[in-house]
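Student: Below are the structure tokens for one structure; questions will follow.
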Amino acid sequence: MGNVSVIYRVLPQDVETNIEKIMEEVKSVMPKDVTLRGMQVKDVAFGLKEVLVAVLMKDEGGKSDEIEKLLGSIPGVGSVDVLDLTLV
């Protein structure tokens, strides 16, 4: 079994949500066996921003769904989507 690189798109609930706080929470919810490779904030539209979260993890069934649920449980997060999943 190899590793997978996953990029998640994390959208806040609204334009008033503190993106920096979401980014701090992302760091704290990551399991020890998942490597946070980086985060990037991008403008979406009308003042809304998204956070792109890149992680590296073992290629285990259900692991990416688990991370998606963890990211979605962060206060202020409206939705989480997988943008890219690549076997490394």
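Here, each number is a calculation from the coordinates, and none is a lab measurement. Computed from a prediction, not measured in an experiment: that's the story for all the values here. Methodologically, a virtual Cβ is constructed for each residue, glycine included, from the backbone with ideal geometry; neighbour enumeration extends over all protein chains shown.
Student: Of 28, 73, 64, which has the largest mean-square fluctuation in a 10 Å C-alpha GNM of the chain?
Tutor: 28
Student: Among [x] 21, 48, 26, 5; [y] 18, 54, 24, 5, 0; [z] 16, 45, 24, 12, 3, 0, find the value of P(r) over Cα pairs in 10 Å bins from 0, in percent that was calculated from the structure presented, and write down its label.
Tutor: So the calculated entry is the one marked [y].
Student: What's the angle, to the nearest 10 degrees (0 to 90), between helix 63-72's Cα axis and the longest principal axis of the chain?
Tutor: 20 degrees
Student: Here is a follow-up. For the range 1-48, what class follows from the C-alpha gyration tensor (a ≥ b ≥ c being the square roots of its eigenvalues): rounded when a/c is under 1.5, otherwise prolate if a/b is larger than b/c, else oblate?
Tutor: Details: a/c = 3.29, a/b = 1.88, b/c = 1.75.
Judged from the Cα gyration tensor, the range 1-48 comes out prolate (a/c at least 1.5, a/b above b/c).
Student: Something else: So how strong a dipole does the chain carry about its Cα centre when Lys and Arg Cβ are +1 and Asp and Glu Cβ are -1, to the nearest 20 debye? Write out the running numbers ahead of the final one.
Tutor: Working: 10 positive and 15 negative charges, 45 e Å.
Dipole magnitude for the chain comes out near 220 debye.
Student: With loop defined by DSSP as not H, G, I, E or B, and exposure as at most 16 other Cβ atoms within 10 Å, which is the longest segment of the chain clear of exposed GluC sites (Glu not before Pro)?
Tutor: On the way: sites that count: 16, 60.
Value returned for the longest uninterrupted segment is 17-59.
Student: If the label point is 7 Å along Cα→Cβ of residue 18, which residues in the range 60-87 have backbone nitrogen under 20 Å from it?
Tutor: 71-79
Student: Rounded to the nearest 500 deg cm²/dmol, what is the calculated helix-only ellipticity per residue at 222 nm for the chain, with -39500 (n - 2.57) per DSSP H run of length n ≥ 4?
Tutor: On the way: 2 runs with 21 residues, N = 88.
One gets -7000 deg cm²/dmol as the mean residue ellipticity at 222 nm.
Student: Here is a follow-up. Which residue fluctuates the most in the chain, going by a Gaussian network model with Cα springs under 10 Å, if the choices are 34, 77, 53?
Tutor: Ranking 34, 77, 53 by mean-square fluctuation puts 34 first.
Student: Another question, if that's okay. For helix 19-29, report the angle its Cα long axis makes with the longest principal axis of the Cα atoms of the chain; keep it between 0 and 90° and round to the nearest 10°.
Tutor: The angle comes out near 30 degrees.
Student: May I pose another question? Eight or more residues apart or on different chains, and alpha-carbon atoms under 25 Å: count the Lys pairs in the chain matching that.
Tutor: Total qualifying Lys-Lys pairs in the chain comes to 16.
Student: Count neighbours as other Cβ atoms within 10 Å of each site's Cβ, and list the trypsin sites (Lys or Arg not before Pro) in the chain that are DSSP loop with at most 14 such neighbours.
Tutor: Numbers: sites: 9, 21, 27, 32, 37, 42, 49, 58, 63, 69; in loops: 32.
Here the trypsin sites (Lys or Arg not before Pro) that fit, given the DSSP loop and packing criteria, are 32.
Student: Tell me, in nm to one decimal, what length is gained between residue 32 and residue 69 on full extension, where the rule is 0.36 nm per residue of separation less the Cα-Cα distance?
Tutor: On the way: separation 37, 0.36 × 37 = 13.32 nm, distance 1.59 nm.
Extending this stretch completely gives an extra 11.7 nm.
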